[in-house]
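A short write-up of the structure that comes next.
The values are calculated or read from the model by the stated rules, or taken from the named source; none is laboratory data. Source: prediction; values computed, not measured. Cβ atoms come from the backbone with ideal geometry, glycine included; neighbour counts cover every protein chain shown. Protein only, heavy atoms only, side chains kept; ligands, DNA and RNA dropped before computing areas. Shrake-Rupley method; radii C 1.70, N 1.55, O 1.52, S 1.80 Å.
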Amino acid sequence: MANPVSENATRSAGETPRYRVALIGDGIGPSLTPPMHEREGGALGLDYTYERVDLAGEDDADLAAVLADLEARGFAAANVTHPYKQRVLAHVDETSAEVSRIGSANLILFGGGRVAHNTDCTGFRAGLEEFLGSRPRGRVLQVGAGGAGLATAYSLVSMGFEEVVIHDLDQFAAEALVERFSGAATGVRLRSSDGDLGHWLAEADGVVHVTPVGMAEHPGAAFAPEALAAGAWVAEVVYRPLETELLRRAKAAGHPVLDGGRMAVGQAADSIALITGLTPDRERMLAHFHELIGAA
């Protein structure tokens, strides 16, 4: 595998290592990923710049040309977001184990070949592991089987839960996700909800919500947290707003909650680590993230 630290960063004696990174997506102007990367890169002693490549309105966007242009301009890597996380795989040379299983990537490393990674799953898992601590890992319910649900479900089946239940309004999507990860679910029962959300809400030790409902442009809650059993926790991937209606209602009903900030910071931290070979300070990044949210 190519080493972007040696091939894409300035390493001359006495010179600050330089990294140029991009974000490719559609409508990415409000993204907090660029300032998070640049602040943490600077804190790590790097000359680190992050550029947005917004392909909004370009239905026939030529990803191959975009990637080639970034490589030619000496970029070390590119993060990839909606709607290109799956399409970009047609233009890489190598995929990590996570990408091969999930079928999508959010980071492409350049230098001696394009290598695809998925830090959505690793970032989500790190945040959820810290949140759970010693809480029971019996049954977890995931609500949502779309793009983000692929990364979170992949993480859940490897976290020691006894059972992972997938629910989606599109029953076919839920069943397809279960089938996709059945081979990776060693020692855990993985199944779909069969459309019966109410039953599983009452039976779950915790719920991971991965639908767009709750975002600023999609207000509301995808399910009623009041239907959860006492002590059940709720984890969210939406971070704008940081406190969604779902989390607000869950907290009011006495349930422990995890907001989407940890996943947002985690995927950025894991990306920086892969790009630079250095270890970001996640707590420092989380503090900066909250500054950015407050400013927004």
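Laid out as a table, the results:
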item: Neighbours by Cβ (under 8 Å, 6+ apart or cross-chain): first from region 76-93, closer than 17 Å to residue 53 by Cα; second at pLDDT below 95 and of a type in the set (Val, Ile, Thr); result: 81/28
item: Residues satisfying the stated conditions in region 116-164, i.e. more than 29 Å from residue 88 (Cβ to Cβ) and either in a helix (DSSP H, G or I) or small (Gly, Ala, Ser) (or both); result: 130, 131, 132, 133, 134, 138, 160
item: In region 96-114, residue surrounded by the most Cβ atoms within 10 Å (Cβ to Cβ) [restricted to those that are of a type in the set (Gly, Ala, Ser) and outside any loop (DSSP other than H, G, I, E, B)]; result: 100
item: Test: residue 264 is out of contact with any strand residue (DSSP E or B) (no Cβ under 9 Å at 6 or more places or on another chain), assigned to a helix (DSSP H, G or I) and not β-branched (Val, Ile, Thr); result: yes
item: Residues that are assigned to a helix (DSSP H, G or I), in contact with a helix residue (DSSP H, G or I) (Cβ under 8 Å, 6 or more places away or on another chain) and open to solvent by less than 40 Å² (accessible area, probe 1.4 Å), drawn from region 267-286; result: 267, 268, 269, 270, 271, 272, 275, 276, 285, 286
item: Top-ranked residue of region 144-165 - restricted to ones that are of a type in the set (A, V, I, L, M, F, W, C) and under 18 Å from the mean Cα position of the chain (by Cα), ranked as surrounded by the fewest Cβ atoms within 10 Å (Cβ to Cβ); result: 159
item: Residue satisfying all of: in region 287-296; outside any loop (DSSP other than H, G, I, E, B) and hydrophobic (A, V, I, L, M, F, W, C); surrounded by the fewest Cβ atoms within 10 Å (Cβ to Cβ) among these; result: 295
